[in-house]
Amino acid sequence: QNFVALQFAIDIFGDNESLEFDFSVLVTPDMNFEDHSSATEAVLEMVTGRGDALYIPDFRYEADPIPDNAKISIESSNMKSNFAAVYFPYVQIEDTTNKTNLWLPPSIIALATIAATATNEQVWQPPAGSLRTVTNNLVRTRKRMRINDREVLKSANINPITLFPGSGFEITESRTTQEFFSALSFVHNRLLLGYAKKALNQTLRPILHQLNTVSLRNAFVNTITPIFERIKKLNGLEEFKVSVVD
């Protein structure tokens with residue numbers, strides 16, 4: 001029954017033309033990719049198919065989180081993709097309504113940080129570091145990630161969350177789980193491409209189904225160029241070129 005509900009949700013969110021269910025980042029805090037691999041793989045497949053979003057799956061909760069085990073787990077999973085990012089370890093959040101503290105998956109902090117960065121700056125700024133990490137009601141992490149721990153996690157493209165003296169809690173990396181290194185090894189580059197794809201889908205629709213003429217090709221370039229000029233002006237790109245092949 002739960003998987004039927006999940007499949008129903010996947011069908012809904014998989015429609016990137018939906019007027020009601022558009023998204024840029026997806027988290028599934030009630031599932032983890034170690035115990036619910038079929039479910040999380042189905043979600044990642046849907047997000048990859050859309051091509052304009054990022055999925056943040058979680059590890060299972062561990063009372064004693066060990067970075068080496070997390071590395072083995074992600075490397076043996078099917079979660080390695082530039083459409084996915086993972087964070088470690090779990091975090092404790094103050095529930096001010098019920099006056100208690102709760103252990104929650106780190107995707108909650110990652111999502112809040114991505115949203116705050118996109119709102120206060122731009123979506124293509126790295127959602128990490130002491131100035132951008134959202135720490136509202138964050139009490140502690142399940143275990144403090146020391147430098148050797150962080151190096152282990154970084155080598156497996158896992159983004160650590162830890163506490164530094166003086167500066168507080170911090171997401172120290174902004175990596176996707178892609179195995180090989182490229183520009184898409186970084187969360188903010190994936191988010192940038194997702195932003196651009198959404199913008200292009202909206203602005204180019206009015207010129208679809210027109211005759212392939214010089215005027216149409218000029219209109220295509222003139223429609224796309226301002227989008228990337230704005231991104232460049234706001235430090236999202238260094239250079240770009242728009243060309244149409246006849």
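The values are calculated or read from the model by the stated rules, or taken from the named source; none is laboratory data. Source: prediction; values computed, not measured. Cβ atoms come from the backbone with ideal geometry, glycine included; neighbour counts cover every protein chain shown. Surface areas here come from the heavy atoms of the whole protein model, side chains and all, with no ligands, DNA or RNA. Shrake-Rupley method; radii C 1.70, N 1.55, O 1.52, S 1.80 Å.
The selection criterion, being open to solvent by less than 10 Å² (accessible area, probe 1.4 Å), charged (D, E, K, R) and under 18 Å from N157 (Cβ atoms), holds for D58.
Taken together, the residues in segment 152-187 that are in contact (Cβ under 8 Å) with a residue 12 or more places away in the chain, aliphatic (A, V, I, L, M), open to solvent by 20 Å² or more (accessible area, probe 1.4 Å) and within 12 Å of N82 (Cβ to Cβ) amount to 1. Against the numbered list (1) open to solvent by 30 Å² or more (accessible area, probe 1.4 Å); (2) in contact with a helix residue (DSSP H, G or I) (Cβ under 8 Å, 6 or more places away or on another chain), I224 comes up short only at (1). Within segment 118-141, is even one residue part of a helix (DSSP H, G or I) and either surrounded by 15 or more Cβ atoms within 10 Å (Cβ to Cβ) or touching a residue at least 24 places away in the same chain (Cβ under 8 Å) (or both)? Taking every residue of segment 118-141 in turn, at least one turns out to be part of a helix (DSSP H, G or I) and either surrounded by 15 or more Cβ atoms within 10 Å (Cβ to Cβ) or touching a residue at least 24 places away in the same chain (Cβ under 8 Å) (or both).
At least 1 residues being free of Cβ contacts under 8 Å to residues at least 40 places away in the same chain and among the basic types (K, R) is the threshold, and among the helices (runs of 4 or more DSSP H) wholly inside segment 1-86 those reaching it are 37-50. Specify the residue that is farthest from K198 (Cα to Cα); the eligible residues are those in segment 12-42 that are under 20 Å from the mean Cα position of the chain (by Cα), modelled with pLDDT of 95 or more and charged (D, E, K, R). Restricting to residues being under 20 Å from the mean Cα position of the chain (by Cα), modelled with pLDDT of 95 or more and charged (D, E, K, R), the top hit is E34. Among the residues of segment 188-216, the ones that are on the phi > 0 side of the Ramachandran plot and either open to solvent by less than 90 Å² (accessible area, probe 1.4 Å) or at pLDDT 90 or above (or both) come to 0 in all.
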